[in-house]
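Chemist: Shown below is the structure under consideration.
The values are calculated or read from the model by the stated rules, or taken from the named source; none is laboratory data. None of these values were measured; they are calculated from a predicted model. Every residue, glycine among them, receives a Cβ derived from its backbone with ideal geometry; neighbour counts consider all protein chains shown.
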Amino acid sequence: MTAELARAARPLDCPCGGAAPNLKSGAKPPRFADCCGRFIDGGALPATAFELMRSRYTAYVLGEADYLRATWAAETCPADLDSDPNAPGAPRWLGLAIKRHEPVDATHALVEFVARYKSGGRAFRLHELSRFTRGDDGRWRYVDGDILEG
Ligand SMILES: [Zn+2]
């Protein structure tokens with residue numbers, strides 16, 4: 001992918017739905033520009049691991065591989081990151097719920113989430129407990145996660 005390619009169109013409402021622990025169901029989604037757009041397009045730094053997590057979900061929806069790479073710990077970031085949302089068989093992301101945000105210490109946090117998606121006409125749930133670290137540069141990054149059942 002080259003920088004000359006047009007960026008994916010930006011949605012008005014944020015794809016993450018403003019997912020947060022204890023968010024009431026049916027809550028009105030925030031504007032993309034006020035939510036994950038600040039981080040993906042605006043260069044602002046998420047203050048918490050769960051803000052980073054939901055911006056990474058939104059980056060998957062939009063196919064923003066550069067953002068996914070930039071927010072992935074170097075030691076676990078895959079060499080080939082296939083995130084083209086228009087590729088055949090690519091998951092179509094349907095929504096995000098954040099179950100739990102647990103700061104461990106100043107530079108480590110856990111985020112438990114459920115992301116729903118469709119692939120090949122079937123609906124799936126990705127339920128994961130993710131680990132995040134914060135570098136000396138103040139940036140939170142995704143490390144890895146455990147898939148949870150149910
Ligand atoms: Zn968002």
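Chemist: Take region 19-45 and flag every residue that is near the ligand (Cβ under 10 Å from one of its atoms), in a loop (DSSP other than H, G, I, E, B) and either within 24 Å of Asp105 (Cβ to Cβ) or within 14 Å of the chain's Cα centre (by Cα) (or both).
Modeler: Ala19, Ala20, Cys35, Cys36
Residues are listed down the side, and each one gets a yes or a no for (1) touching a Lys or Arg at 6+ places or on another chain (Cβ under 6 Å); (2) surrounded by 19 or more Cβ atoms within 10 Å (Cβ to Cβ); (3) assigned to a strand (DSSP E or B); (4) among the β-branched types (Val, Ile, Thr):
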position: Arg56; (1), (2), (3), (4): no, yes, no, no
position: Ala74; (1), (2), (3), (4): no, no, no, no
position: Asp80; (1), (2), (3), (4): no, no, no, no
position: Ala87; (1), (2), (3), (4): no, no, no, no
position: Ala90; (1), (2), (3), (4): no, no, no, no
position: Gly95; (1), (2), (3), (4): yes, no, yes, no
position: Lys99; (1), (2), (3), (4): no, no, yes, no
position: Val104; (1), (2), (3), (4): no, no, yes, yes
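Chemist: On to the next question. Across region 73-107, what is the total count of residues that are over 16 Å from the mean Cα position of the chain (by Cα) and of a type in the set (D, E, K, R)?
Modeler: Residues meeting the conditions: 4.
Chemist: Can you name the residue in region 96-122 that is touching a residue at least 60 places away in the same chain (Cβ under 8 Å) and small (Gly, Ala, Ser) and is also nearest to Thr48 (Cα to Cα) among such residues? Don't jump to the end; show me each part of the working.
Modeler: First pass over region 96-122, keeping only residues touching a residue at least 60 places away in the same chain (Cβ under 8 Å): 96-101, 109-111, 113.
Imposing the further condition that a residue be small (Gly, Ala, Ser) reduces the set to 97, 109.
Numbers: Ala97: 16, Ala109: 9 Å.
Residue satisfying both the conditions and the ranking: Ala109.
Chemist: Restricting to region 136-147, and then to whatever is exposed (fewer than 14 other Cβ atoms within 10 Å of the Cβ) and touching a residue at least 12 places away in the same chain (Cβ under 8 Å), can you tell me which residue is farthest from Ala74 (Cα to Cα)?
Modeler: Looking at residues that are exposed (fewer than 14 other Cβ atoms within 10 Å of the Cβ) and touching a residue at least 12 places away in the same chain (Cβ under 8 Å), I get Ile147.
Chemist: Of all residues in region 58-72, count the ones that are within 14 Å of the ligand (Cβ to nearest atom) and either of a type in the set (Phe, Trp, Tyr) or part of a helix (DSSP H, G or I) (or both).
Modeler: Taking region 58-72 first, the residues within 14 Å of the ligand (Cβ to nearest atom) are 58-62, 64, 67, 71.
Retained after the next criterion (residues that are either of a type in the set (Phe, Trp, Tyr) or part of a helix (DSSP H, G or I) (or both)): 58-62, 67.
Total meeting the criteria: 6.
Chemist: Related question: Based on what the data block shows, is Asp144 at pLDDT 95 or above, among the acidic types (Asp, Glu) and touching a Ser or Thr at 6+ places or on another chain (Cβ under 7 Å)? Write out each step before concluding.
Modeler: On the way: at pLDDT 95 or above: yes; among the acidic types (Asp, Glu): yes; touching a Ser or Thr at 6+ places or on another chain (Cβ under 7 Å): yes.
Judged against the criteria, Asp144 is a match.
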